[in-house]
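Accompanying notes for the structure given below.
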Amino acid sequence: MRFDVISIFPQLIEQYLQEGVVGRGLAQGHFRLGLWNPRDFSTLAHRRVDDRPFGGGPGMVMMAPPLLAAIAAAREANPGAPVIYLSPQGKVLNQGALQRFAGCDGLILLAGRYEGIDERVMSAVDEEWSIGDYVLAGGELPALVLMEGVARLLPGVLGHPDSAGEDSFAHSGLLDCPHYTRPERVGTQEVPAVLLSGDHRRIARWRLRQALRRSLERRPDLMQARGLSAEERALLEQEEN
Ligand SMILES: CN1CCN(c2ccccc2CNc2ccc(C(N)=O)cn2)CC1
């Protein structure tokens, strides 16, 4: 996987990708990163990349020529990679989209700033995506969210890929169960006894039951779409054990 990011703040992208499992994944070469600053493609004084909007209105708009040139350069380095534009007008991202992107050989991400980009840049954009229905000052955080969501799905990036046996919640469409670790007692709060029992079948059932209850309580919309299997329904109805 090769990610190429087009942004006037490449250091924002680079700095974030130094840390954590994703940073290690990059350092170990599980994926590669290219950064393209539209300012390097500006032919104007002061490496200008924005101008006032035709038709008037507040703020500035990113000009098409530097963005189109940066996209062309990224395409050369990452042939065949779809160009993805992060904006509030895009489709809202979800785990399924991340799974699909993880199967690509490369992705080119366009992070907008200012009030947005000249519409004629869209001739070079393949897909438009949003990380949620809210407005940010720039597309860099959305680009990082998409990259991290994809990178952690790539082979070798996560130290502990969900073991084949245990169906990770990302695949089961459920919210995660509660997690506990040492110390056993925190103030007056203890750890559910089942987790200390060593009975792995019982522990797995408890975790699935907790995930089901949480999912039904907090995200009935997700559960409406997903439904419950007969076993899951039975597990929910069982007395606490
Ligand atoms: C005041 N304007 C600032 C610029 N912005 C804009 C417009 C177009 C593209 C990028 C941006 C950058 N902002 C983003 C980007 C993505 C998301 C998301 N939900 O994925 C939210 N915000 C529109 C609003």
Item to check | Projected label distance in nm at Arg219 and Ala77, using a 7 Å step from Cα toward the beta-carbon | outcome: 3.4 nm
Checklist outcome for this item: Taking every other residue with Cβ under 13 Å from the Cβ of Leu144 and scoring Lys and Arg +1, Asp and Glu -1, one gets -3
Item to check | Options Val157, Gln189, Leu93, ranked by Cα towards positive dipole end of the chain, top entry (Cβ charges) | outcome: Gln189
Checklist outcome for this item: Expected max-MSF residue from Gly55, Gly132, Gly159 in the GNM of the chain (alpha carbon, under 10 Å) is Gly55
Checklist entry - Around Glu232, what is the net charge, scoring Lys/Arg as +1 and Asp/Glu as -1 over all other residues with Cβ under 11 Å from its Cβ? => result +3
Checklist entry - Gain in length, Leu228 to Glu190, computed as 0.36 nm per residue apart minus the alpha-carbon separation, to one decimal in nm? => result 10.6 nm
Checklist outcome for this item: Whole-Hz Karplus couplings 3J(HN,Hα) for region 64-79, θ = phi - 60° and coefficients 6.51, -1.76, 1.60, Gly and Pro as x, run 5, x, x, 5, 5, 5, 5, 5, 4, 5, 5, 4, 5, 7, 9, x
Checklist entry - To the nearest 0.05, what FRET efficiency results for Gln95 and Arg24 with a Förster distance of 30 Å applied to their C-beta separation? => result 0.85
Next on the checklist: Under the rule that an exposed site lies in a DSSP loop and has at most 16 other Cβ atoms within 10 Å, name the longest stretch of the chain with no chymotrypsin sites (Phe, Trp or Tyr not before Pro) of that kind, not counting the sites themselves.
Outcome noted: 55-133
Checklist entry - Using r as the Cβ-Cβ distance of His46 and Arg201, and R0 as 51 Å, what FRET efficiency do you calculate, to the nearest 0.05? => result 0.15
Checklist entry - To one decimal place, what orientation-averaged projected area in nm² is obtained for the convex hull of the Cα set of the chain? => result 17.7 nm²
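Throughout, read-outs are computed from the coordinates displayed, never taken from laboratory work. Just so we're clear, the structure is a prediction, and the values are computed from it rather than from any experiment. Reconstructed Cβ throughout: ideal geometry from the backbone, glycine too, with neighbour counts over all protein chains shown.
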